[in-house]
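Asker: Attaching a single structure in structure tokens format; questions to follow.
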Amino acid sequence: MILGSMMKFPLGRLVITPAVLQSIPEDEICRALDRHILGQWGDLSDHDRAANELALSTASRLLSVYHTNTGTELRVMTTGNRFATTVFLLNDATSQQLNSHEHQ
């Protein structure tokens, strides 16, 4: 159980794309979200990890990448304003639409 005092930032509204819900077990989704809010960024480069650490204080987006037990790449992104967190797959069409709105 994650306590509020352990969270590095608020998740905001949680969005999980249909592709994730259909292909990833619920416990793996929950584990990814737990790690994300604790600042355990997963399989990122050192540069991207540093960008996330900076984003904690500059209101920029946060991105985590995890691999499921079957090797599927699962991504978790929290918007810079912390209003929403989306769990998506790399090639998920829904996530591509969300990413395009994030950069507008």
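Any read-out appearing in this document is the output of simple, stated calculations on the displayed coordinates, not a laboratory observation. This one's a predicted model, so the numbers in the text were calculated from it and none came from an experiment. Don't worry about glycine lacking a Cβ; one is built from the backbone with ideal geometry, like all the others, and counts go over all protein chains shown.
Asker: Considering each residue of the stretch 18-34, count those that are charged (D, E, K, R) and under 12 Å from LEU74 (Cα atoms), and give that number. Full working, then the answer.
Answerer: Taking the stretch 18-34 first, the residues charged (D, E, K, R) are 26-28, 31, 34.
Imposing the further condition that a residue be under 12 Å from LEU74 (Cα atoms) reduces the set to 28, 31.
Of the residues in that region, 2 qualify.
Asker: From LEU38, LEU62, LEU74, which residue is in contact with a helix residue (DSSP H, G or I) (Cβ under 9 Å, 6 or more places away or on another chain), surrounded by fewer than 15 Cβ atoms within 10 Å (Cβ to Cβ) and of a type outside the set (Ser, Thr, Tyr)?
Answerer: Values: LEU62 fails: surrounded by fewer than 15 Cβ atoms within 10 Å (Cβ to Cβ); LEU74 fails: surrounded by fewer than 15 Cβ atoms within 10 Å (Cβ to Cβ).
Testing whether each residue is in contact with a helix residue (DSSP H, G or I) (Cβ under 9 Å, 6 or more places away or on another chain), surrounded by fewer than 15 Cβ atoms within 10 Å (Cβ to Cβ) and of a type outside the set (Ser, Thr, Tyr) leaves just LEU38.
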